[in-house]
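Working notes, beginning with the structure itself.
The values are calculated or read from the model by the stated rules, or taken from the named source; none is laboratory data. Since we're looking at a predicted model, the values are computed, not measured. All Cβ positions, glycine included, derive from the backbone under ideal geometry; neighbour counts span all protein chains shown. Quick note on the areas: whole protein, heavy atoms, side chains included, nothing else; ligands and nucleic acids left out. Shrake-Rupley method; radii C 1.70, N 1.55, O 1.52, S 1.80 Å.
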Amino acid sequence: MQERITEFEEADIAITASTYDAVEQNASFKSSEKLTYPLLSDQDAKTVKSLGILDESYEEGSFQYGVSHPGVILVDTDDKVVLTRAEHKFKDSASMDDLIEDVKELIAAVVSEEEADADESTED
């Protein structure tokens, strides 16, 4: 995602990633890969469980427990989940091009809806 960060920023989209790794491990990875977006730690898998994207092929207590299905969650400025894309296998994930286009379309639809609501309220 880092190589495409400018496209997300131009679309006014903030990126955050999450792993089941420890905070220290994420900090080291973020530094080594020169990531400019936050890399969060979800060691207890509360977030992936609440989003319904926990890979249940790993049992609690196993080394890989807490792994999510690879994907993307889009949250709007009201903290509402507006898009969830989580596939069982990484190779099944949508391309970054498709993701960026879908997000731009979703944002355009939201803006259009907000403009329509604003027009209706001025007519009253």
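Restriction of the chymotrypsin sites (Phe, Trp or Tyr not before Pro) in the range 23-80 to DSSP coil positions whose beta-carbon has at most 10 other beta-carbons within 10 angstrom yields Phe63. Under the simplified labelling scheme, the Gln64-Ser32 pair shows an inter-label distance of 2.0 nm, with each label point 7 Å from Cα along Cα→Cβ.
Within the P(r) computed for the range 1-70, what percentage of the Cα pairs occupies the region above 17 Å? Percent of Cα pairs beyond 17 Å in the range 1-70: 50.
Once the Cα atoms are used to define both axes, helix 96-123 deviates from the longest principal axis of the chain by about 40 degrees. Scanning the chain for GluC sites (Glu not before Pro) lying in DSSP loops with no more than 15 further Cβ atoms inside 10 Å, the longest uninterrupted stretch between such sites is 1-55. When only the Cβ of Lys, Arg, Asp and Glu is charged (+1, +1, -1, -1), the dipole of the chain relative to its Cα centre reaches about 1040 debye. Per residue, how many Å² of accessible area does the chain show with a 1.4 Å probe? Averaged over the residues of the chain, the accessible area is 72 Å².
Among beta bridges from DSSP that stay inside the chain, the antiparallel ones total about 65%.
When the chain is treated as a GNM with alpha-carbon contacts under 10 Å, the residue of Lys80, Lys30, Lys46 showing the greatest mean-square fluctuation is Lys80.
One entry in [x] 28, 17, 12; [y] 31, 18, 14; [z] 29, 14, 13 is semi-axes √(5λ) of the Cα gyration tensor in Å calculated from the shown coordinates; its label is [y].
So if R0 is 35 Å, what FRET efficiency would Ser112 and Arg85 give, r being the distance between their Cβ atoms, rounded to the nearest 0.05? Result of the calculation: an efficiency of 0.95.
Dipole of the chain computed with +1 at Lys/Arg Cβ and -1 at Asp/Glu Cβ about the Cα centre; of Leu51, Ala11, Ala109, farthest Cα towards the positive end is Leu51. Share of carbon and sulfur in the accessible area of the chain stands at 48%, probe radius 1.4 Å. How tilted is helix 23-33 with respect to the longest principal axis of the chain? Cα atoms for both, answer in degrees (0 to 90, nearest 10). Once rounded, the angle reads 70 degrees.
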